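J.: The structure's right below; bear with me while I get my questions together.
Any read-out appearing in this document is the output of simple, stated calculations on the displayed coordinates, not a laboratory observation. Everything numeric here is computed off the predicted structure, so don't read it as measured data. Here the Cβ positions follow ideal geometry from the backbone for every residue, glycine too, while neighbour counts run over all protein chains shown.
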Amino acid sequence: MPPPPPVLMDELIEEILLHFPPSHPASLVRAGLVCRSWQRIVSDPRFARRFREFHFQLGFFYNFKDDQTGADIVRFVPTSTCPALADRRNSRALDARHGRVLLHDTTQAAPPPPGPPGRLVVWDPVTDEQSDLPLPPGHLYRNCTAWNAAVLCAAVADGGGACDHLGCHGGPFLIVLSCIVGDAAYFFLYSSITGSWSKPSMVYLNQYTGGTRNAVGLSLLIGDTLHFPFGHEILTYDLATNKPSLITSPFSGVRSMALVATTEEGGGLGLGVAGVREGSVRLYSHLRGLAGWKLEKGGFIGLEAGASTLVAFAEGLDAVLVIEKGGISMFELKSGRITEVCEKGLHCDGAIVPYVRFCLPGS
């Protein structure tokens, strides 16, 4: 009689189960019925977290105008197994994080840019639910000459312990709105729990150039601090203390740049800035407490000088999206690998907003 086959180690079984498709949750249920050890693996919260991290879905939203009516349109482009989404008319995508998308509703007439925004909407693409936000009160908001905004899970302000943000949607959320008025930046915080905006907090800018500066580019969340690019400066907002501050960017005269998350020596996340210059991506890390920057890597070959625009950082994936002649490529900061995620022919108007969703079985 031949000997029984060797027993697979739990670590190998876990790696096999990780590759089960999230679109067929019954397969994981059946796997858990094979034996007690498999059931223990499938029901372990650590396995659930790894499963969601392994089966992420990536896509991006971009804004353009209808050629005939001039209406603003938001279109979603899936780059992996994300399901298709219908276009949203009379809207512009501003930000996306923790399963939510922040939209600027342009249905009603609003002051021309760079004036104050009109109605803001938080949309959950998974459930198709949306929340219309009231406008911040007071004259400061109405007098802003440039602005930016970010959306995030409300648990971040409490240290993030109540949510791992991997399957995060449907819960309370926060909106941080930055407005430039004169030589100062004002921050407003909206909570869906209270349904109201906070009193503004303020930080002075290093240089005042009136309405010629625009708060452009996507925000970056590191820990409980949001960072907003603004010209050659970076505005920060600490959610724990509700206090803003200002950091000078290492780039001056660069064609395009994006805020990115870098890995510090202790393994934590830190602030970084990536920029395109002469056909290469230059990555700088902020030296915490020293008010300086360190060049991490440069000379990335593969971008055409003068024809590439670095547009966004995909939080959680350590990658930036780059536009090359209307096509979108993803540049992985750690490996330096570049992957085409969208064929050429894209004509977008404004920022490209990455959307990263971590899958739950059956979602």
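J.: Can you tell me which of 140-151, 65-76 comes out highest on packing, and rank the rest after it, using the mean Cβ neighbours within 10 Å? Don't skip to the answer; put the middle values down first.
T.: Values: 140-151: 20.4, 65-76: 14.2.
Result, highest mean first: 140-151, 65-76.
J.: Arranged from highest to lowest average of other beta-carbon atoms within 10 Å per residue, in what order do the peptides 194-204, 218-228 appear?
T.: Details: 194-204: 14.0, 218-228: 22.0.
Top of the packing list down: 218-228, 194-204.
J.: Give me the extension gain from residue 232 to residue 339: residue separation times 0.36 nm, minus the current Cα-Cα distance, reported in nm with one decimal. Before the final figure, lay out each step's value.
T.: Numbers: separation 107, 0.36 × 107 = 38.52 nm, distance 2.85 nm.
Contour length minus the Cα-Cα distance gives 35.7 nm.
J.: Run the numbers for residue 129 and residue 43: contour at 0.36 nm per residue of separation, minus the present Cα-Cα distance, in nm. Please report the intermediate quantities before stating the final value.
T.: On the way: separation 86, 0.36 × 86 = 30.96 nm, distance 2.98 nm.
Residue separation times 0.36 nm, minus the Cα-Cα distance, leaves 28.0 nm.
J.: Spin-label point model (7 Å from Cα, Cβ direction): what's the residue 243 to residue 184 distance in nm?
T.: In this crude spin-label approximation the distance works out to 1.7 nm.
J.: Between residue 30 and residue 75, what is the label-to-label distance in nm when each label sits 7 Å out along the Cα-to-Cβ direction?
T.: 4.0
J.: Between residue 295 and residue 202, what is the FRET efficiency for a Förster distance of 41 Å, r being their Cβ-Cβ separation, to the nearest 0.05?
T.: Working: r = 32 Å, r/R0 = 0.79.
E(calc), rounded to 0.05, equals 0.80.
J.: When Lys and Arg each count +1 and Asp and Glu each count -1, what net charge do the other residues less than 14 Å away from residue 200, Cβ to Cβ, add up to? Provide the component values of the computation, followed by the final result.
T.: Values: positive: 142, 199, 243; negative: none.
Net charge in that neighbourhood comes out at +3.
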